[in-house]
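As structure tokens, the structure follows; a few thoughts come after it.
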Amino acid sequence: RVTFNTLINGFCKAGEAPKAAELLQKMAAEGFEPDVITYNTLISGLCRKGKSQEARRLLDEMVARDCVPDLVTYNSLINVMCKEGKVEEARELFNELTSKGHEPDIYTHNIILHGLCKCGKVDAAAEFIGEMLAKGCVPDRVTYNVLMDRLCREGRLNQAMQLLREMDNKGCHPDYITYNTLIDGLCKKERVQEAEELFGEMDDRGITATVITYNSLIDGLCKVGRVEEATELIDEMFVKGLVPDKVTYNCILTAFCREGNINKATDIIQMMIYNGQNPDAITYGTLINGLCRTGRYESAIKILRAMPMKGMLPDAVAYNPILQGLCMRRRMREAMAIYTEMLEQGVAPD
RNA sequence: CCUUUUUCUUGUUCGC
């Protein structure tokens, strides 16, 4: 049974929920009863793919088979409710937990807190922390990370930085996500120099930078016009054994496209392919925008039409710059033709 | 540490 559970988990992590569900059938066929861990694994896997309906169906199935949902099951469900923006519903389930015989744990609290933060209910979040503390539920790294992320997004960077120091004082030491969150927050506010200082501090403390750390810094450097240095960080990543991903190249690509430097833009795309990272929908969307900014609508449309052949569906973001550019130049006939094409391709306008 | 749940990064949106 552990073997099956492990395999099911593997498929879920690889984003292959259907194969995982198949294994559930096989497992039963071989005479192994799925247990609560099997169901939890599948439910969280489905939740991660946003298939909350299927997840609920599995919950019913597990109950029908006399497999009692545990706190992990409920945490997954509460999480998917939050991800769908149904925080109120999530809180109801949270409140019902006790009557179901489970005390919400630190995971449950962090999930709700994150849900509240993400939909901007800062006051409710603050109140929730109060409840949490009153119950003797001690904030952990994740709690701090969630809070700091929210503070950063609200531009309250100094408060976020204070929390960083508070963590150390309370013996709840920051991890790479803490630093990634702050570095990104600083970069987004164009406080790149402070971000670089934190990057150094991270290194001093022996907290290893990740691809995401570099991506945040690279994006920050690009946004303040330090594209040259951003590009050099790619080399530094390789030196440290980190593999730049699509996001890394997309950040640099955005900078070149904003500059209207289509030559360098195509160079970076070549480099990404050479380094084993295939362009994604964002890469194309970025390039299309760059082409439009430089008036090259025909090229942009060509790229757009080539996307399906690469197995990618253009989205509204890929179409919008073309429409916008044509509209601004009063080329409405062409704009409407593209709009029609968009609808024909089944792309929803936004 | 080693079967399951929470936190971090990239593209579009007029003129002045």
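The values are calculated or read from the model by the stated rules, or taken from the named source; none is laboratory data. In this text the structure is predicted, and so the values were computed from the model without any measurement. Heads up, the Cβs are rebuilt from the backbone with ideal geometry, glycines too, and the neighbour counts pull from every protein chain shown.
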Identity of the residue in segment A:28-37, away from RNA strand B (no atom under 11 Å from the Cβ) and part of a helix (DSSP H, G or I), that ends up farthest from residue A:57 (Cα to Cα): A:29
So which residues in segment A:1-20 are farther than 16 Å from residue A:31 by Cβ, within 7 Å of RNA strand B (Cβ to nearest atom) and surrounded by fewer than 14 Cβ atoms within 10 Å (Cβ to Cβ)? A:6
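If you take the residues of segment A:250-284 that are polar (S, T, N, Q) and touching a Lys or Arg at 6+ places or on another chain (Cβ under 8 Å), which of them is surrounded by the fewest Cβ atoms within 10 Å (Cβ to Cβ)?
The qualifying residue surrounded by the fewest Cβ atoms within 10 Å (Cβ to Cβ) is A:278.
What about residue A:219, is it assigned to a helix (DSSP H, G or I) and near RNA strand B (Cβ under 9 Å from one of its atoms)?
Working: assigned to a helix (DSSP H, G or I): yes; near RNA strand B (Cβ under 9 Å from one of its atoms): yes.
It is true that residue A:219 is assigned to a helix (DSSP H, G or I) and near RNA strand B (Cβ under 9 Å from one of its atoms).
Name the single residue, out of those in segment A:85-106 being charged (D, E, K, R) and within 13 Å of RNA strand B (Cβ to nearest atom), that is nearest to residue A:44 (Cα to Cα).
Per the criteria, the residue is A:105.
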Looking for whichever is of a type outside the set (Ser, Thr, Tyr), more than 21 Å from the chain's Cα centre (by Cα) and under 20 Å from residue A:188 (Cβ atoms) here; the options are A:260, A:225, A:220. Which one fits? A:225
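Tally up the residues in segment A:232-249 that are surrounded by 16 or more Cβ atoms within 10 Å (Cβ to Cβ) and either within 12 Å of RNA strand B (Cβ to nearest atom) or in contact (Cβ under 8 Å) with a residue 24 or more places away in the chain (or both), please.
Residues that pass the stated criteria total 8.
Could you tell me whether any residue of segment A:60-78 is of a type outside the set (Phe, Trp, Tyr), outside any helix (DSSP H, G or I), without any contact (Cβ under 8 Å) to a residue 24 or more places away in the chain and away from RNA strand B (no atom under 13 Å from the Cβ)? Lay out the reasoning, then the answer.
Quick first cut of segment A:60-78, residues of a type outside the set (Phe, Trp, Tyr) only: A:60-73, A:75-78.
Filter once more, keeping what is outside any helix (DSSP H, G or I): A:65-70.
Within this subset, residues satisfying the condition of being without any contact (Cβ under 8 Å) to a residue 24 or more places away in the chain are A:66.
Adding the requirement that they be away from RNA strand B (no atom under 13 Å from the Cβ) leaves A:66.
Yes; the residues of segment A:60-78 include at least one that is of a type outside the set (Phe, Trp, Tyr), outside any helix (DSSP H, G or I), without any contact (Cβ under 8 Å) to a residue 24 or more places away in the chain and away from RNA strand B (no atom under 13 Å from the Cβ).
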Looking only at segment A:1-29, which residues are acidic (Asp, Glu) and in contact (Cβ under 8 Å) with a residue 12 or more places away in the chain? none
Please work out which residue is nearest to residue A:328 (Cα to Cα), limiting yourself to segment A:285-317 and to residues that are more than 14 Å from RNA strand B (Cβ to nearest atom) and buried (at least 16 other Cβ atoms within 10 Å of the Cβ). A:296
Every residue from segment A:318-350 that is surrounded by 12 or more Cβ atoms within 10 Å (Cβ to Cβ) and among the small types (Gly, Ala, Ser): A:318, A:325, A:335, A:337
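Which of the residues that make up segment A:199-209 are under 17 Å from residue A:230 (Cα atoms) and away from RNA strand B (no atom under 12 Å from the Cβ)?
Taking segment A:199-209 as the starting set, the residues that turn out to be under 17 Å from residue A:230 (Cα atoms) are A:199-200, A:209.
Once the filter is applied, which keeps residues that are under 17 Å from residue A:230 (Cα atoms) and away from RNA strand B (no atom under 12 Å from the Cβ), segment A:199-209 yields A:199, A:200.
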Residue A:279, sole failed condition from (1) under 22 Å from residue A:235 (Cβ atoms); (2) over 27 Å from the mean Cα position of the chain (by Cα): (2)
Of the residues in segment A:75-114, those that are closer than 21 Å to residue A:54 by Cα and under 22 Å from the mean Cα position of the chain (by Cα) number 15
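Taking segment A:250-284 as the search range and keeping residues that are in contact with a Pro (Cβ under 8 Å, 6 or more places away or on another chain) and within 12 Å of RNA strand B (Cβ to nearest atom), which one is farthest from residue A:229 (Cα to Cα)?
Of the residues in segment A:250-284, the ones in contact with a Pro (Cβ under 8 Å, 6 or more places away or on another chain) are A:269, A:272-273, A:275, A:277, A:281, A:284.
Next, from what is left, pick out any that are within 12 Å of RNA strand B (Cβ to nearest atom): A:272, A:277, A:281, A:284.
Numbers: A:272: 17, A:277: 21, A:281: 26, A:284: 24 Å.
Looking at the filtered set, the residue picked out is A:281.
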Tally of residues being of a type outside the set (S, T, N, Q) and closer than 22 Å to residue A:265 by Cβ across segment A:314-350: 14
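Can you name the residue in segment A:161-179 that is within 12 Å of RNA strand B (Cβ to nearest atom) and under 23 Å from the mean Cα position of the chain (by Cα) and, of all such residues, is surrounded by the most Cβ atoms within 10 Å (Cβ to Cβ)? It would help to see each step written out before you state the result.
Looking only at segment A:161-179, we keep the residues that are within 12 Å of RNA strand B (Cβ to nearest atom), and these are A:167, A:172, A:174-179.
Those still in the list that are under 23 Å from the mean Cα position of the chain (by Cα) too: A:174-179.
Details: A:174: 22, A:175: 15, A:176: 15, A:177: 19, A:178: 24, A:179: 27.
Among them, the one singled out is A:179.
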Name the residue that is surrounded by the most Cβ atoms within 10 Å (Cβ to Cβ), counting only residues in segment A:40-58 that are at pLDDT 90 or above and touching a Ser or Thr at 6+ places or on another chain (Cβ under 7 Å). A:43
Just to be sure before I move on: is residue A:212 in a helix (DSSP H, G or I), near RNA strand B (Cβ under 8 Å from one of its atoms) and over 28 Å from residue A:323 (Cα atoms) in the structure I sent? yes
